[in-house]
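Some notes on the structure that comes next.
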Amino acid sequence: MRKIIAVISIILSSIFGISFSLFGLDANMPWKVKVIKPKDDNLVIKTSEDSDEIIFEKEEKQNNLQNTNNEPEEIQESKIDDNIFLVMATDIVYSARGRKTKSLNGRTDSIFIVKLLDDAINIVSIPRDTRVKIPGFYNDKINTANVYGGPELTLKTVNELFNLNIKKYVLINTFAVEEIVDLLGGIDYYIPKRMYYVDRTAGLYINMYPGYQHLSGKKVHDYLRFRHDSLGDLNRIKRQQDIIRAILPKVLTPKNILNIPSILRIVNKNIQTNIQLSEIMYLAKKLSEIENIEKKVNSFTLEGKGTIYKGGWYYILDDNKNNEILYSAGIKNSQDNNDLVTTK
(Lines give C-alpha, C1' and ligand atoms only; values in the text may rest on other atoms or scores of the structure.)
Protein backbone atom coordinates (compact mmCIF):
# COMPACT_ATOMS: atom_id res chain seq x y z
CA MET A 1 0.00 0.00 0.00
CA ARG A 2 2.76 2.48 0.92
CA LYS A 3 4.49 1.74 -2.35
CA ILE A 4 1.39 2.57 -4.33
CA ILE A 5 0.87 5.84 -2.44
CA ALA A 6 4.48 6.80 -3.08
CA VAL A 7 4.27 6.12 -6.82
CA ILE A 8 1.10 8.14 -7.35
CA SER A 9 2.43 10.94 -5.15
CA ILE A 10 5.65 11.24 -7.16
CA ILE A 11 3.69 11.32 -10.41
CA LEU A 12 1.50 14.11 -9.09
CA SER A 13 4.48 16.01 -7.74
CA SER A 14 6.22 15.92 -11.12
CA ILE A 15 3.40 17.95 -12.63
CA PHE A 16 4.55 21.45 -11.87
CA GLY A 17 7.07 24.18 -12.50
CA ILE A 18 8.67 26.79 -10.28
CA SER A 19 8.62 30.56 -9.87
CA PHE A 20 8.57 32.85 -6.85
CA SER A 21 6.59 35.44 -4.94
CA LEU A 22 7.13 37.77 -2.02
CA PHE A 23 3.69 37.85 -0.40
CA GLY A 24 2.22 38.12 -3.89
CA LEU A 25 4.95 40.16 -5.61
CA ASP A 26 4.41 39.63 -9.33
CA ALA A 27 7.69 38.79 -11.05
CA ASN A 28 6.11 39.37 -14.47
CA MET A 29 5.45 43.05 -13.84
CA PRO A 30 8.73 44.84 -13.02
CA TRP A 31 7.02 48.18 -13.51
CA LYS A 32 4.34 47.50 -10.92
CA VAL A 33 4.43 45.93 -7.49
CA LYS A 34 1.17 44.22 -6.62
CA VAL A 35 0.57 42.95 -3.10
CA ILE A 36 -2.01 40.25 -2.52
CA LYS A 37 -3.27 39.77 1.02
CA PRO A 38 -5.08 36.61 2.14
CA LYS A 39 -8.76 37.27 2.76
CA ASP A 40 -9.63 34.51 5.21
CA ASP A 41 -9.77 34.18 8.97
CA ASN A 42 -7.04 31.55 9.25
CA LEU A 43 -4.09 33.95 9.10
CA VAL A 44 -1.63 33.10 11.84
CA ILE A 45 1.74 34.36 12.99
CA LYS A 46 4.52 31.97 13.82
CA THR A 47 8.29 31.82 13.97
CA SER A 48 10.53 29.89 11.62
CA GLU A 49 12.09 26.68 12.85
CA ASP A 50 15.67 27.96 12.89
CA SER A 51 15.27 31.53 14.15
CA ASP A 52 12.99 34.00 15.84
CA GLU A 53 11.90 35.32 12.48
CA ILE A 54 8.17 35.96 12.17
CA ILE A 55 6.32 34.40 9.25
CA PHE A 56 2.76 35.29 8.29
CA GLU A 57 0.83 32.50 6.68
CA LYS A 58 -2.43 30.58 6.81
CA GLU A 59 -2.81 27.52 8.97
CA GLU A 60 -2.06 24.43 6.95
CA LYS A 61 -4.94 22.01 6.59
CA GLN A 62 -4.31 18.38 7.37
CA ASN A 63 -4.47 16.34 4.20
CA ASN A 64 -5.58 12.80 3.54
CA LEU A 65 -2.04 11.46 3.17
CA GLN A 66 -1.15 12.04 6.81
CA ASN A 67 0.12 9.17 8.92
CA THR A 68 1.17 7.15 5.88
CA ASN A 69 4.03 5.74 7.91
CA ASN A 70 1.42 3.50 9.55
CA GLU A 71 0.31 0.75 7.22
CA PRO A 72 -3.51 0.74 6.83
CA GLU A 73 -5.12 -2.56 7.69
CA GLU A 74 -7.20 -2.74 4.54
CA ILE A 75 -8.18 -0.14 1.96
CA GLN A 76 -10.59 -0.81 -0.87
CA GLU A 77 -10.32 0.90 -4.24
CA SER A 78 -12.66 3.81 -4.84
CA LYS A 79 -13.12 5.55 -8.17
CA ILE A 80 -12.71 9.31 -8.47
CA ASP A 81 -15.73 10.93 -10.16
CA ASP A 82 -15.18 10.96 -13.94
CA ASN A 83 -11.47 10.20 -13.36
CA ILE A 84 -10.77 13.96 -13.29
CA PHE A 85 -8.85 15.94 -10.70
CA LEU A 86 -7.07 19.28 -10.42
CA VAL A 87 -3.32 19.51 -9.78
CA MET A 88 -1.81 22.77 -8.54
CA ALA A 89 1.75 23.73 -7.68
CA THR A 90 2.55 26.78 -5.61
CA ASP A 91 5.39 29.15 -6.19
CA ILE A 92 7.89 29.98 -3.46
CA VAL A 93 6.65 32.20 -0.64
CA TYR A 94 9.32 34.32 1.03
CA SER A 95 9.21 35.53 4.61
CA ALA A 96 9.53 39.20 5.55
CA ARG A 97 13.31 38.74 5.76
CA GLY A 98 13.58 37.15 2.35
CA ARG A 99 13.84 33.54 3.46
CA LYS A 100 12.10 30.74 1.62
CA THR A 101 9.23 29.15 3.52
CA LYS A 102 7.50 25.83 2.96
CA SER A 103 4.09 27.46 2.82
CA LEU A 104 1.41 26.09 0.51
CA ASN A 105 -0.28 29.50 0.43
CA GLY A 106 1.56 31.06 -2.50
CA ARG A 107 0.31 31.70 -5.99
CA THR A 108 -0.30 28.59 -8.03
CA ASP A 109 2.54 28.64 -10.51
CA SER A 110 1.07 25.68 -12.39
CA ILE A 111 -2.51 24.50 -12.76
CA PHE A 112 -3.46 21.27 -14.55
CA ILE A 113 -6.73 19.50 -15.17
CA VAL A 114 -5.88 15.78 -15.30
CA LYS A 115 -8.11 13.22 -16.98
CA LEU A 116 -7.28 9.50 -16.70
CA LEU A 117 -8.42 7.31 -19.56
CA ASP A 118 -8.12 3.55 -19.87
CA ASP A 119 -4.98 3.82 -21.99
CA ALA A 120 -3.75 7.40 -21.63
CA ILE A 121 -3.45 10.50 -19.45
CA ASN A 122 -4.77 13.83 -20.71
CA ILE A 123 -3.35 16.96 -19.10
CA VAL A 124 -4.78 20.42 -19.79
CA SER A 125 -2.61 23.32 -18.62
CA ILE A 126 -4.23 26.60 -17.56
CA PRO A 127 -1.77 29.52 -17.98
CA ARG A 128 -1.14 31.12 -14.61
CA ASP A 129 -1.85 34.66 -15.87
CA THR A 130 -5.36 33.78 -17.11
CA ARG A 131 -7.80 36.56 -16.21
CA VAL A 132 -10.84 35.14 -14.42
CA LYS A 133 -13.60 36.03 -12.00
CA ILE A 134 -12.58 34.63 -8.62
CA PRO A 135 -15.78 33.71 -6.73
CA GLY A 136 -16.39 35.99 -3.77
CA PHE A 137 -13.68 38.42 -4.84
CA TYR A 138 -13.04 40.12 -8.15
CA ASN A 139 -11.38 39.72 -11.54
CA ASP A 140 -7.73 38.72 -11.25
CA LYS A 141 -5.16 36.21 -12.44
CA ILE A 142 -6.20 32.65 -11.73
CA ASN A 143 -2.97 32.00 -9.82
CA THR A 144 -4.08 34.35 -7.01
CA ALA A 145 -7.11 32.23 -6.05
CA ASN A 146 -4.98 30.02 -3.82
CA VAL A 147 -3.75 33.09 -1.93
CA TYR A 148 -7.31 34.30 -1.36
CA GLY A 149 -8.90 31.01 -0.36
CA GLY A 150 -6.60 28.03 -0.76
CA PRO A 151 -6.99 25.11 -3.18
CA GLU A 152 -10.74 24.94 -2.56
CA LEU A 153 -11.19 28.41 -4.04
CA THR A 154 -8.95 27.59 -7.01
CA LEU A 155 -11.02 24.48 -7.63
CA LYS A 156 -14.23 26.49 -7.44
CA THR A 157 -12.80 29.09 -9.81
CA VAL A 158 -11.90 26.44 -12.39
CA ASN A 159 -15.29 24.74 -12.06
CA GLU A 160 -17.20 27.98 -12.55
CA LEU A 161 -14.93 29.10 -15.38
CA PHE A 162 -15.50 25.96 -17.44
CA ASN A 163 -18.85 24.80 -16.05
CA LEU A 164 -17.29 21.65 -14.60
CA ASN A 165 -17.84 19.63 -11.43
CA ILE A 166 -14.34 18.54 -10.46
CA LYS A 167 -14.30 17.50 -6.81
CA LYS A 168 -10.76 16.31 -6.11
CA TYR A 169 -7.54 18.30 -6.00
CA VAL A 170 -3.86 18.02 -5.18
CA LEU A 171 -1.80 21.04 -4.10
CA ILE A 172 1.99 20.72 -4.00
CA ASN A 173 4.76 23.16 -3.17
CA THR A 174 8.12 23.41 -4.92
CA PHE A 175 10.47 22.01 -2.31
CA ALA A 176 9.85 18.36 -3.16
CA VAL A 177 11.09 18.66 -6.75
CA GLU A 178 14.84 18.51 -6.23
CA GLU A 179 14.67 15.87 -3.50
CA ILE A 180 12.31 13.57 -5.41
CA VAL A 181 14.32 13.73 -8.64
CA ASP A 182 17.50 12.99 -6.70
CA LEU A 183 15.85 10.05 -4.97
CA LEU A 184 14.94 8.74 -8.41
CA GLY A 185 18.61 8.98 -9.39
CA GLY A 186 18.04 11.93 -11.72
CA ILE A 187 16.68 11.75 -15.25
CA ASP A 188 18.21 11.64 -18.72
CA TYR A 189 16.91 14.53 -20.79
CA TYR A 190 17.70 16.60 -23.87
CA ILE A 191 18.09 20.34 -23.18
CA PRO A 192 17.04 22.03 -26.45
CA LYS A 193 18.85 25.34 -26.11
CA ARG A 194 21.13 27.53 -24.02
CA MET A 195 19.45 28.74 -20.84
CA TYR A 196 21.02 31.48 -18.78
CA TYR A 197 19.33 33.70 -16.22
CA VAL A 198 20.43 35.31 -12.97
CA ASP A 199 18.16 36.82 -10.30
CA ARG A 200 20.25 37.69 -7.28
CA THR A 201 17.23 38.87 -5.29
CA ALA A 202 15.59 35.46 -5.56
CA GLY A 203 18.89 33.58 -5.28
CA LEU A 204 18.34 32.12 -8.75
CA TYR A 205 21.22 31.16 -11.05
CA ILE A 206 20.30 29.19 -14.17
CA ASN A 207 23.15 28.16 -16.44
CA MET A 208 22.36 25.25 -18.77
CA TYR A 209 23.80 24.22 -22.12
CA PRO A 210 22.00 22.36 -24.94
CA GLY A 211 22.42 18.63 -25.40
CA TYR A 212 21.43 15.25 -24.02
CA GLN A 213 22.49 15.00 -20.38
CA HIS A 214 21.76 13.54 -16.96
CA LEU A 215 19.84 16.03 -14.82
CA SER A 216 19.97 16.22 -11.04
CA GLY A 217 17.07 17.59 -9.01
CA LYS A 218 18.66 21.05 -9.06
CA LYS A 219 18.98 20.97 -12.86
CA VAL A 220 15.36 19.88 -13.29
CA HIS A 221 14.38 22.68 -10.90
CA ASP A 222 16.27 25.21 -13.05
CA TYR A 223 14.87 23.84 -16.31
CA LEU A 224 11.29 24.09 -15.05
CA ARG A 225 11.81 27.54 -13.61
CA PHE A 226 13.29 29.14 -16.72
CA ARG A 227 10.86 31.19 -18.79
CA HIS A 228 12.94 34.03 -20.19
CA ASP A 229 12.44 33.34 -23.88
CA SER A 230 10.12 34.45 -26.66
CA LEU A 231 6.92 32.83 -25.37
CA GLY A 232 7.63 33.16 -21.64
CA ASP A 233 5.18 31.16 -19.56
CA LEU A 234 3.78 29.21 -22.54
CA ASN A 235 7.20 27.74 -23.32
CA ARG A 236 7.65 26.92 -19.65
CA ILE A 237 4.33 25.03 -19.67
CA LYS A 238 5.61 22.95 -22.58
CA ARG A 239 8.77 22.17 -20.61
CA GLN A 240 6.66 21.04 -17.67
CA GLN A 241 4.69 18.70 -19.92
CA ASP A 242 7.87 17.27 -21.47
CA ILE A 243 9.41 16.62 -18.04
CA ILE A 244 6.29 14.66 -17.06
CA ARG A 245 6.84 12.33 -20.02
CA ALA A 246 10.49 11.90 -19.09
CA ILE A 247 9.97 11.22 -15.40
CA LEU A 248 7.05 8.78 -15.48
CA PRO A 249 9.08 5.74 -16.68
CA LYS A 250 11.68 6.52 -14.01
CA VAL A 251 9.03 6.64 -11.30
CA LEU A 252 7.66 3.22 -12.19
CA THR A 253 10.93 1.26 -12.15
CA PRO A 254 11.35 -1.35 -9.36
CA LYS A 255 14.67 0.21 -8.34
CA ASN A 256 13.04 3.45 -7.21
CA ILE A 257 10.54 1.65 -4.99
CA LEU A 258 13.43 1.29 -2.54
CA ASN A 259 13.32 5.06 -1.93
CA ILE A 260 9.74 4.99 -0.64
CA PRO A 261 10.44 5.86 3.04
CA SER A 262 12.23 9.08 2.10
CA ILE A 263 9.67 9.92 -0.57
CA LEU A 264 6.80 9.58 1.89
CA ARG A 265 8.45 11.99 4.31
CA ILE A 266 8.80 14.55 1.52
CA VAL A 267 5.24 14.15 0.28
CA ASN A 268 3.57 14.48 3.67
CA LYS A 269 5.02 17.89 4.44
CA ASN A 270 4.74 19.34 0.95
CA ILE A 271 1.28 18.33 -0.22
CA GLN A 272 -2.36 19.10 0.53
CA THR A 273 -5.11 16.98 -1.00
CA ASN A 274 -8.69 15.82 -0.47
CA ILE A 275 -8.06 12.56 -2.35
CA GLN A 276 -8.70 9.58 -0.08
CA LEU A 277 -6.34 6.63 0.21
CA SER A 278 -8.92 4.39 -1.43
CA GLU A 279 -8.99 6.73 -4.41
CA ILE A 280 -5.20 6.74 -4.58
CA MET A 281 -5.39 2.96 -4.80
CA TYR A 282 -7.68 3.29 -7.79
CA LEU A 283 -5.46 5.90 -9.50
CA ALA A 284 -2.39 3.78 -8.98
CA LYS A 285 -4.08 0.76 -10.51
CA LYS A 286 -5.16 2.80 -13.53
CA LEU A 287 -1.62 4.10 -14.04
CA SER A 288 -0.05 0.67 -13.69
CA GLU A 289 -2.29 -0.68 -16.44
CA ILE A 290 -1.06 1.83 -19.04
CA GLU A 291 1.75 0.36 -21.16
CA ASN A 292 4.53 2.65 -22.43
CA ILE A 293 3.10 5.40 -20.27
CA GLU A 294 5.65 7.98 -21.45
CA LYS A 295 4.04 7.79 -24.89
CA LYS A 296 0.51 8.01 -23.52
CA VAL A 297 0.66 11.47 -21.94
CA ASN A 298 -1.41 13.83 -24.09
CA SER A 299 -0.84 17.46 -23.20
CA PHE A 300 -2.94 20.49 -24.05
CA THR A 301 -2.58 24.19 -23.22
CA LEU A 302 -5.59 26.49 -23.18
CA GLU A 303 -5.36 29.03 -25.99
CA GLY A 304 -5.61 32.80 -25.75
CA LYS A 305 -3.57 35.94 -26.07
CA GLY A 306 -1.58 38.11 -23.72
CA THR A 307 -2.62 41.69 -23.15
CA ILE A 308 -2.03 44.59 -20.79
CA TYR A 309 -5.12 45.54 -18.83
CA LYS A 310 -5.11 48.36 -16.30
CA GLY A 311 -1.35 48.21 -16.03
CA GLY A 312 -1.13 44.45 -15.54
CA TRP A 313 -0.27 41.57 -17.88
CA TYR A 314 -3.07 39.04 -18.39
CA TYR A 315 -3.82 36.02 -20.55
CA ILE A 316 -7.29 36.22 -22.13
CA LEU A 317 -8.77 32.86 -23.06
CA ASP A 318 -10.27 32.07 -26.46
CA ASP A 319 -13.64 30.56 -25.50
CA ASN A 320 -14.40 28.70 -28.73
CA LYS A 321 -10.98 27.11 -29.11
CA ASN A 322 -10.82 26.08 -25.48
CA ASN A 323 -14.20 24.41 -25.54
CA GLU A 324 -12.83 22.23 -28.32
CA ILE A 325 -9.68 21.50 -26.30
CA LEU A 326 -11.68 20.50 -23.23
CA TYR A 327 -13.91 18.32 -25.37
CA SER A 328 -10.93 16.65 -27.10
CA ALA A 329 -9.35 15.94 -23.72
CA GLY A 330 -12.54 14.26 -22.48
CA ILE A 331 -13.06 16.87 -19.78
CA LYS A 332 -16.27 18.31 -21.23
CA ASN A 333 -19.10 16.61 -23.07
CA SER A 334 -20.05 17.81 -26.52
CA GLN A 335 -23.33 19.25 -25.26
CA ASP A 336 -21.37 21.48 -22.88
CA ASN A 337 -19.43 23.20 -25.67
CA ASN A 338 -21.08 26.58 -25.23
CA ASP A 339 -20.89 26.76 -21.47
CA LEU A 340 -17.39 28.19 -20.96
CA VAL A 341 -17.56 31.52 -19.13
CA THR A 342 -14.57 33.88 -19.13
CA THR A 343 -13.92 37.42 -18.03
CA LYS A 344 -12.86 39.87 -20.71
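The values are calculated or read from the model by the stated rules, or taken from the named source; none is laboratory data. Just so you know, these numbers come straight off a predicted model, no measurement behind them. Counting neighbours? That spans all protein chains shown, and the Cβs are built from the backbone with ideal geometry, glycine included.
Rundown of residues vs (1) surrounded by 15 or more Cβ atoms within 10 Å (Cβ to Cβ); (2) free of Cβ contacts under 8 Å to residues at least 40 places away in the same chain; (3) not in a strand (DSSP E or B), yes/no style:
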| position | (1), (2), (3) |
| --- | --- |
| VAL198 | no, yes, no |
| TYR205 | no, yes, no |
| TYR212 | no, yes, no |
| LYS218 | no, no, yes |
| LEU224 | yes, no, yes |
| ASP229 | no, yes, yes |
| LEU234 | yes, no, yes |
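The one condition from (1) surrounded by 15 or more Cβ atoms within 10 Å (Cβ to Cβ); (2) not in a strand (DSSP E or B) that TYR189 does not meet is (2).
Checked against the criterion of being over 30 Å from ASP319 (Cα atoms), modelled with pLDDT under 70 and touching a helix residue (DSSP H, G or I) at 6+ places or on another chain (Cβ under 8 Å), the candidates PRO38, PRO72 yield just one match: PRO72.
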